[in-house]
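Inspection log for the structure reproduced underneath, given as structure tokens.
All of the numbers you see were taken from the coordinates with simple rules; none came from a lab. Because the structure is a prediction, the values reported are computed rather than measured. Cβ: placed from backbone, ideal geometry, glycine included. Neighbour counts: every protein chain shown.
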Amino acid sequence: MINNKKYVIKVMSVKPFLTSMSILIILGTFTQFAFAQIISDYDHSHTLKEILQDREMGDPITCPNPAHVLVLRPNDDWACVYFETAKHLNWDIVLYSVPDAPQITTSVFYQGDYHHITYQTNEGVVDSVVFPSASEGIDEGYVLEISIMPTHEGDFTVILPSIKSDIFENYCTEQGAIPDSHFFFYLIDGEEVESEETDVEFNTKVKLHYNADSKMIEIILGCLI
């Protein structure tokens with residue numbers, strides 16, 4: 001009877017073991033398939049160096065490895081890295097949706113933390129994107145400065161946090177103005193310009209037009225006094 005009981009216990013314990021093994025085999029097979037798919041999509045025929053050598057300004061860039069994202073390093077060199085690496089290093093992630101107009105997501109330091117700003121314009125136009133108050137240690141409110149070096153007139157599109165974003169909570173109160181009266185306005189070389197604004201989920205998409213000799217775009221969050 002003792003042997004039978006032992007035998008019964010062993011047989012019952014085999015079922016969950018087989019089930020676990022089946023799941024592991026299925027997961028292993030799926031992982032191998034996914035990895036094989038990535039490998040099959042990998043363009044071994046060209047390296048990033050070769051792509052850049054044959055490229056003209058404005059030509060879209062596609063990373064040979066589909067698991068990589070295209071980034072623009074602080075030294076203005078192109079690179080293809082994993083998304084996690086770009087995120088950890090705060091490197092600008094670039095997406096070409098149309099020729100000659102890359103969409104760039106950059107990290108900008110504001111109020112003790114990094115915030116993501118996404119903009120799109122002709123390649124080579126934007127020189128820097130900063131909150132000067134963050135670098136100078138002076139609280140001048142939400143003033144985003146985009147230094148540009150265009151060779152001809154064009155459009156600049158930027159995605160900003162929505163006016164209703166939590167980061168602007170109590171903003172006007174802290175500025176000594178009318179609570180919750182904040183609004184965006186835009187300057188190019190010190191002159192206010194018209195804009196096209198579109199609300200996209202929790203963001204505001206803004207389109208501005210600059211001239212060939214424009215130098216500075218300022219995005220300012222103001223309050224009613």
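Packing here is the average count of other Cβ atoms within 10 Å per residue, and on that basis the peptides 148-159, 172-183, highest first, run 148-159, 172-183. Sorted on the mean count of surrounding Cβ atoms within 10 Å across their residues, most packed first, peptides 190-203, 73-86 read 73-86, 190-203.
The phi-based Karplus calculation (6.51 cos²θ - 1.76 cosθ + 1.60; θ = phi - 60°) puts the 3J(HN,Hα) values of segment 212-218 at 5, 9, 5, 10, 9, 10, 10 Hz, whole numbers, x for Gly and Pro. For segment 159-220, what is the charge dipole size about the Cα centre, in debye to the nearest 20, if Lys and Arg each add +1 at the Cβ and Asp and Glu each add -1 at the Cβ? The dipole of segment 159-220 has a size of about 120 debye. Separation of the alpha carbons by more than 30 angstrom is noted, of K87/K205; K87/K207; K49/K215, for K49/K215.
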